[in-house]
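For reference, the structure discussed in these notes is given below.
The values are calculated or read from the model by the stated rules, or taken from the named source; none is laboratory data. Small disclaimer: the values here were computed from a predicted structure and weren't measured. Here the Cβ positions follow ideal geometry from the backbone for every residue, glycine too, while neighbour counts run over all protein chains shown.
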Ligand code: NAD
Ligand code: IPM
Ligand code: MN
């Protein structure tokens, strides 16, 4: 029996609650498909800060590197939100593990489950047929640029007094843009053959370089793929105006962060948006949402983004297409049966069909 070693990182807030459901699904898939998933928890985020003083202990990084795949839930929370720039933050653990594992491609599939067409805040005819893949650059840009904060800068305060100054820098290297562009074009070839490259080339130098490189890669190696450039502000609007016309959307780190939360709502809830963070080595799978402090500890979080991240793991890391399909059809069948967590329920959902986190996980497992 083949054994896959999964490094599981429950993290903070709803993280441990949804991770439990991800593990249940892995166990069910293992049973049905005759493999074993050996899950081992490691610390990240606020939980790691509390236990060790830092958001990503070396042991976690070592465990991740030694695993066949990493499954993350979510990190962060008000407990660790501080204005002290010297204090460790949970989010730094996430950024560091992405960087250390070289996970420069973040795939965020935005798909409508037909049973959920009514759960979107957009009209059903607008969301009908939405099926896009956001390809977010994940290890460059503003998130990793030089930054600094000054507290006593001459003239930075009001009335010419000393005050604060801070900066973050948005920087990209040619190879970083080239490789993410290739990922987008490759993805498009397996889909509907269209890439929308999102930038702010009318203002930013990095964006002008981005656009030039994306077109060079396209013209040289992917002329068969349709390529459009969309300025990011327009993209934010088009996403809710004509979401079904997007196929692959490729963009830099922070634009991708923002646009993917927006796109998630097209599907009804951020609790539905899975993701895969890929590089050249071990990959990491993570829901796109955060630790949802507002509902943590209540057992009501939607575990489907976590479960659909497990689906992506089966597909991308283990080449288990049939198992991935089984997870997807189990989720589809649960939704078709009218079962909902609170975030995707509406006024017409009967009370007995509104499930908690664990019951939703069980409903999926029953169908695998
Ligand atoms: P969030 O994604 O945690 O929550 C935004 C909203 O969506 C909240 O109303 C929340 O209840 C809801 N939501 C999110 N996931 C849900 C789910 N599975 N089921 C039902 N509802 C869900 O974003 P936030 O509130 O801006 O951030 C909270 C914390 O999470 C912050 O500390 C932030 O840094 C962190 N964060 C972590 C990650 C990650 O670990 N990958 C991602 C985003 C934010
Ligand atoms: C995400 C999150 C993270 C990001 C934060 C928590 C660092 O918002 O995965 O989308 O911005 O990448
Ligand atoms: Mn985000």
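For every residue, the table says whether it meets (1) surrounded by fewer than 16 Cβ atoms within 10 Å (Cβ to Cβ); (2) assigned to a loop (DSSP other than H, G, I, E, B).
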position	(1), (2)
233	yes, no
254	no, no
261	yes, no
274	no, yes
291	no, yes
298	yes, yes
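For the criterion of being within 16 Å of ligand 1 (Cβ to nearest atom) and within 23 Å of the chain's Cα centre (by Cα), residue 261 passes. If you go through the stretch 330-343 and keep only what is within 20 Å of residue 310 (Cα to Cα) and under 22 Å from the mean Cα position of the chain (by Cα), you end up with 330, 331, 332, 335, 340, 341. Just to be sure I understand, how many residues within the stretch 127-143 are out of contact with any strand residue (DSSP E or B) (no Cβ under 7 Å at 6 or more places or on another chain) and surrounded by fewer than 19 Cβ atoms within 10 Å (Cβ to Cβ)? Residues in the stretch 127-143 being out of contact with any strand residue (DSSP E or B) (no Cβ under 7 Å at 6 or more places or on another chain) and surrounded by fewer than 19 Cβ atoms within 10 Å (Cβ to Cβ): 2 in total. For the stretch 35-57, does any single residue satisfy the condition of being farther than 19 Å from residue 306 by Cβ and touching a residue at least 60 places away in the same chain (Cβ under 8 Å)? The answer is yes, given that some residue of the stretch 35-57 is farther than 19 Å from residue 306 by Cβ and touching a residue at least 60 places away in the same chain (Cβ under 8 Å). Return a yes/no flag: does the stretch 312-322 have any residue that is closer than 20 Å to residue 27 by Cβ, within 11 Å of ligand 1 (Cβ to nearest atom), outside the structural domain of residue 177 (by TED's automatic domain parsing) and at pLDDT 95 or above. Scanning the stretch 312-322, I find no residue that is closer than 20 Å to residue 27 by Cβ, within 11 Å of ligand 1 (Cβ to nearest atom), outside the structural domain of residue 177 (by TED's automatic domain parsing) and at pLDDT 95 or above, so the answer is no.
In the set (1) under 30 Å from residue 332 (Cβ atoms); (2) touching a residue at least 12 places away in the same chain (Cβ under 8 Å); (3) in contact with a helix residue (DSSP H, G or I) (Cβ under 6 Å, 6 or more places away or on another chain); (4) more than 16 Å from ligand 3 (Cβ to nearest atom), the condition left unmet by residue 110 is number (4). Count of the stretch 144-167 residues, restricted to those that are surrounded by fewer than 16 Cβ atoms within 10 Å (Cβ to Cβ) and closer than 18 Å to residue 209 by Cβ, is 2. Selection over the stretch 115-135 of residues that are free of Cβ contacts under 8 Å to residues at least 40 places away in the same chain and either within 19 Å of residue 331 (Cα to Cα) or touching a helix residue (DSSP H, G or I) at 6+ places or on another chain (Cβ under 8 Å) (or both) gives a count of 2. Looking across the stretch 277-294, the residues that are in contact with a strand residue (DSSP E or B) (Cβ under 7 Å, 6 or more places away or on another chain) and within 13 Å of ligand 1 (Cβ to nearest atom) come down to 277, 284, 285, 286, 287, 288, 289, 290, 291. So, residue 77, is that one surrounded by fewer than 22 Cβ atoms within 10 Å (Cβ to Cβ) and in contact (Cβ under 8 Å) with a residue 40 or more places away in the chain or not? Yes, satisfied.
Only a single item in (1) within 16 Å of ligand 3 (Cβ to nearest atom); (2) in a helix (DSSP H, G or I) is not met by residue 220, and it is number (1). Residues in the stretch 186-199 that are under 20 Å from residue 141 (Cβ atoms) and in contact with a strand residue (DSSP E or B) (Cβ under 6 Å, 6 or more places away or on another chain): 187, 195, 196, 197, 198. Within the stretch 348-357, the set of residues being in contact with a helix residue (DSSP H, G or I) (Cβ under 9 Å, 6 or more places away or on another chain) and in a helix (DSSP H, G or I) comprises 357 only.
Okay, residues lined up against (1) part of a helix (DSSP H, G or I); (2) within 17 Å of residue 272 (Cα to Cα); (3) modelled with pLDDT under 95:
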| position | (1), (2), (3) |
| --- | --- |
| 327 | yes, yes, no |
| 332 | yes, yes, no |
| 335 | yes, yes, no |
| 338 | no, yes, no |
| 343 | yes, yes, no |
| 346 | no, yes, yes |
| 359 | yes, yes, no |
| 362 | yes, yes, no |
| 368 | no, no, no |
